[in-house]
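**Student:** One structure coming up, written as structure tokens, with questions to follow.
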DNA sequence: GCCGTTTTCGGCCCGACTGTTTTCAGTCG
């Protein structure tokens, strides 16, 4: 079994949990967690990096020891230290610390006093009223554990960004209308536009004496008030989503916005910069002794620390601090830079609108072009076109282009890559198109080697321009299929092909780390919405956000170009 | 366990809230 980065990260996290439970050095624990995050964020599998001669101990947060442990894990699939610790600490305790309100100390205490090793045992003990009698616990804690177990079962998984928006925007409107509220903004991973959001952090400035907290916890959708204080409250919504609201003074707004936007890793590095200068940075401001020297705006905080403003999309401690220091921050691609959409469907296959309707909608968005890419013949469930059908569509697009003013339809197709690596249309018809998007829509279970070969063979066809949604993942629904994207990207670059950034919020495929990799290797990225309706065109903003998280500038994105230049760039 | 243009040893982010205690530990973000 090949060991992937996610396996390494999981082993390290598990080890960190168990070490923490047995009261190990907290910094050692943190080192394992940091390393887990570092490994998880790598664009390549560590195994491959080692093969290619990389020295993992040069990675941030990974020294000689952890680099050695990673190698052992890759070679043997085992982590001896983890097995050793598992001999001392019951495995189930790690899971118990993931129940909200129970940390390492309480988990250990529950084990010592009542022998609790599993979630099930914890529930039984709590329901039997046995926990309240343990020193340091009480009736309320016991009830909180029961409540938390209920949520634990319900699964507190991260929401896709768009789903989070549907919850967040009305709530933000509600908060903004509370008497005395001046500013209200959602910070956290939501502001960083991560593909999934775990909870919401709402930051508010308000007049003194405003009853913002009382009103907040009375929001219609609040299911449970977890905590409520003067400056911070936490609620759980009926959807199971956690929301924090924090109130700060206006002089602290920038510092608090910085602080609550994160990421944690980014914050720690910036905070360290403050410490190096003999200052202190917290959510109330940047302080020299007890004097606030910055805090009203984020720009001010960064400036004092000799840094330009770093866009939230980049705040992941993936090199943005160094880039900022050197004046090399990317000038991130904006929605306005996008000149057209390269991936959409119409009534000709499984879309809901006609060519003309889609064209008009694209024109209304200010686009110069719209690429029509209906499905190919094997996609019978999606109304895939026959070759004759495609030929007719080509004619209709030509006619329509004569009529249309200010928008140009590009003739494309989303062609299936068959399991044998052949394309689902003949070269003859493909040659009549402006460009071709190729995609895998079935046969997800091939081995990594076969899947990779399948795509590379397809890429041998000169009409292959863009690989759509390269990993096939559906966020929260379907894992990516096994495929060697490193190799595919290298080969694509060699052959003049591209990998799409599919902007659909369920896909966002390729992901941000891959976008950054593409940028680093000089491979331009086309962003397509895969729209099946006029509304679907709106999801371009999710793609652009993801592109920004991947450090892409307008020059790195294919569809920031005018149609003629675009088609020239795609010519093989 | 990591890290270093003050340090190769001695630091490692820090404040809010809760619940159980009487002054604070545990948890969280």
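**Student:** Check whether at least one residue in region A:548-558 is out of contact with any strand residue (DSSP E or B) (no Cβ under 7 Å at 6 or more places or on another chain), assigned to a helix (DSSP H, G or I), within 26 Å of residue A:45 (Cβ to Cβ) and at pLDDT 95 or above, and report yes or no.
**Tutor:** Yes, region A:548-558 contains at least one residue that is out of contact with any strand residue (DSSP E or B) (no Cβ under 7 Å at 6 or more places or on another chain), assigned to a helix (DSSP H, G or I), within 26 Å of residue A:45 (Cβ to Cβ) and at pLDDT 95 or above.
**Student:** Could we say that residue A:337 is surrounded by fewer than 20 Cβ atoms within 10 Å (Cβ to Cβ) and either within 21 Å of residue A:527 (Cβ to Cβ) or touching a strand residue (DSSP E or B) at 6+ places or on another chain (Cβ under 8 Å) (or both) here?
**Tutor:** The answer is yes for residue A:337.
**Student:** Out of everything in region A:201-230 that is at pLDDT 90 or above and in a loop (DSSP other than H, G, I, E, B), what residue ends up being nearest to DNA strand B (Cβ to nearest atom)?
**Tutor:** By that ranking, first place goes to A:229.
**Student:** Let me ask something else. Would it be correct to say that residue A:148 is more than 6 Å from DNA strand B (Cβ to nearest atom), exposed (fewer than 13 other Cβ atoms within 10 Å of the Cβ), free of Cβ contacts under 8 Å to residues at least 60 places away in the same chain and under 30 Å from residue A:240 (Cβ atoms)?
**Tutor:** no
**Student:** Next question, about the same structure. Answer yes or no: is there a residue in region A:187-200 that is surrounded by 18 or more Cβ atoms within 10 Å (Cβ to Cβ), part of a helix (DSSP H, G or I) and on the phi > 0 side of the Ramachandran plot.
**Tutor:** yes
**Student:** For region A:85-116, name all the residues that are over 19 Å from residue A:13 (Cβ atoms) and more than 7 Å from DNA strand B (Cβ to nearest atom).
**Tutor:** Result: A:109, A:110, A:111, A:112, A:113, A:114, A:115, A:116.
**Student:** Give region A:56-73 a look and list any residue that's at pLDDT below 90 and surrounded by fewer than 19 Cβ atoms within 10 Å (Cβ to Cβ), or say none.
**Tutor:** A:58, A:60, A:61
**Student:** Which pairs do you get when a residue that is under 8 Å from residue A:93 (Cβ atoms), found in region A:103-114, comes within reach of a residue that is within 8 Å of DNA strand B (Cβ to nearest atom), reach meaning Cβ atoms under 8 angstrom, with the pair 6+ apart or on two chains?
**Tutor:** A:107/A:97
**Student:** Sticking with this one: Just to be sure I understand, how many residues within region A:25-54 are within 9 Å of DNA strand B (Cβ to nearest atom) and not in a helix (DSSP H, G or I)?
**Tutor:** 1
Conditions (1) closer than 24 Å to residue A:426 by Cβ; (2) in contact (Cβ under 8 Å) with a residue 60 or more places away in the chain; (3) over 22 Å from the mean Cα position of the chain (by Cα); (4) not in a loop (DSSP other than H, G, I, E, B), marked per residue:
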{"position": "A:449", "(1), (2), (3), (4)": "no, no, yes, yes"}
{"position": "A:455", "(1), (2), (3), (4)": "yes, no, yes, yes"}
{"position": "A:458", "(1), (2), (3), (4)": "yes, no, yes, yes"}
{"position": "A:482", "(1), (2), (3), (4)": "no, no, no, no"}
{"position": "A:486", "(1), (2), (3), (4)": "no, yes, no, yes"}
{"position": "A:490", "(1), (2), (3), (4)": "no, no, yes, yes"}
{"position": "A:494", "(1), (2), (3), (4)": "no, no, yes, yes"}
{"position": "A:523", "(1), (2), (3), (4)": "no, no, no, no"}
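**Student:** Considering each of A:141, A:76 in turn, give the residue that is in the same structural domain as residue A:23 (by TED's automatic domain parsing), more than 9 Å from DNA strand B (Cβ to nearest atom) and surrounded by fewer than 19 Cβ atoms within 10 Å (Cβ to Cβ).
**Tutor:** So the residue among A:141, A:76 that is in the same structural domain as residue A:23 (by TED's automatic domain parsing), more than 9 Å from DNA strand B (Cβ to nearest atom) and surrounded by fewer than 19 Cβ atoms within 10 Å (Cβ to Cβ) is A:76.
**Student:** A follow-up question, please. Tally the residues that are more than 30 Å from residue A:115 (Cβ to Cβ) and within 29 Å of the chain's Cα centre (by Cα), restricting the search to region A:69-90.
**Tutor:** 6
**Student:** Determine, yes or no, whether residue A:412 is in the same structural domain as residue A:375 (by TED's automatic domain parsing), closer than 17 Å to residue A:473 by Cα and touching a strand residue (DSSP E or B) at 6+ places or on another chain (Cβ under 9 Å).
**Tutor:** no
**Student:** Determine, yes or no, whether residue A:57 is under 30 Å from residue A:136 (Cβ atoms), near DNA strand B (Cβ under 9 Å from one of its atoms) and either in contact (Cβ under 8 Å) with a residue 24 or more places away in the chain or not in a loop (DSSP other than H, G, I, E, B) (or both).
**Tutor:** no
**Student:** Are there any pairs with C-beta distances below 8 angstrom linking a residue in region A:29-40 that is farther than 22 Å from residue A:513 by Cα to a residue that is assigned to a helix (DSSP H, G or I) and near DNA strand B (Cβ under 7 Å from one of its atoms), with the two at least 6 apart or on different chains, and if so which?
**Tutor:** A:31/A:66
**Student:** Restricting the search to region A:231-271, which residues are out of contact with any helix residue (DSSP H, G or I) (no Cβ under 7 Å at 6 or more places or on another chain) and near DNA strand B (Cβ under 8 Å from one of its atoms)?
**Tutor:** A:231, A:232, A:234, A:242, A:244, A:264, A:268, A:271
**Student:** If you scan region A:280-308, which residues turn out to be within 11 Å of DNA strand B (Cβ to nearest atom) and in contact (Cβ under 8 Å) with a residue 24 or more places away in the chain?
**Tutor:** Selection gives A:281, A:282, A:283, A:284, A:285.
**Student:** As an exercise: evaluate residue A:154 against (1) farther than 20 Å from residue A:93 by Cβ; (2) at pLDDT below 90; (3) buried (at least 16 other Cβ atoms within 10 Å of the Cβ) and give the number of the one condition it does not meet.
**Tutor:** Answer for residue A:154: the failing condition is (3).
**Student:** Among the residues of region A:229-248, write down those that are more than 24 Å from residue A:192 (Cβ to Cβ) and in contact with a strand residue (DSSP E or B) (Cβ under 8 Å, 6 or more places away or on another chain).
**Tutor:** A:230, A:238
**Student:** Residue pairs, Cβ under 8 Å, 6 or more apart or interchain, first in region A:216-241 and farther than 13 Å from residue A:151 by Cβ, second assigned to a loop (DSSP other than H, G, I, E, B) and within 14 Å of DNA strand B (Cβ to nearest atom). List them.
**Tutor:** A:225/A:217; A:228/A:217; A:233/A:217
**Student:** Now a separate question. Exposed (fewer than 15 other Cβ atoms within 10 Å of the Cβ), assigned to a helix (DSSP H, G or I) and without any contact (Cβ under 8 Å) to a residue 60 or more places away in the chain: does that describe residue A:428?
**Tutor:** Criteria met by residue A:428.
**Student:** Residue by residue through region A:353-380, note down the ones that are buried (at least 20 other Cβ atoms within 10 Å of the Cβ) and part of a helix (DSSP H, G or I).
**Tutor:** Once the filter is applied, which keeps residues that are buried (at least 20 other Cβ atoms within 10 Å of the Cβ) and part of a helix (DSSP H, G or I), region A:353-380 yields A:355, A:358, A:359, A:361, A:362.
**Student:** Further question: Name every residue in region A:13-24 that is within 12 Å of DNA strand B (Cβ to nearest atom), closer than 17 Å to residue A:106 by Cα and assigned to a helix (DSSP H, G or I), in order of residue number.
**Tutor:** Hits for region A:13-24 are A:16, A:17, A:19, A:20, A:21.
The values are calculated or read from the model by the stated rules, or taken from the named source; none is laboratory data. This is a predicted model, so every value here is computed, not measured. Counting neighbours? That spans all protein chains shown, and the Cβs are built from the backbone with ideal geometry, glycine included.
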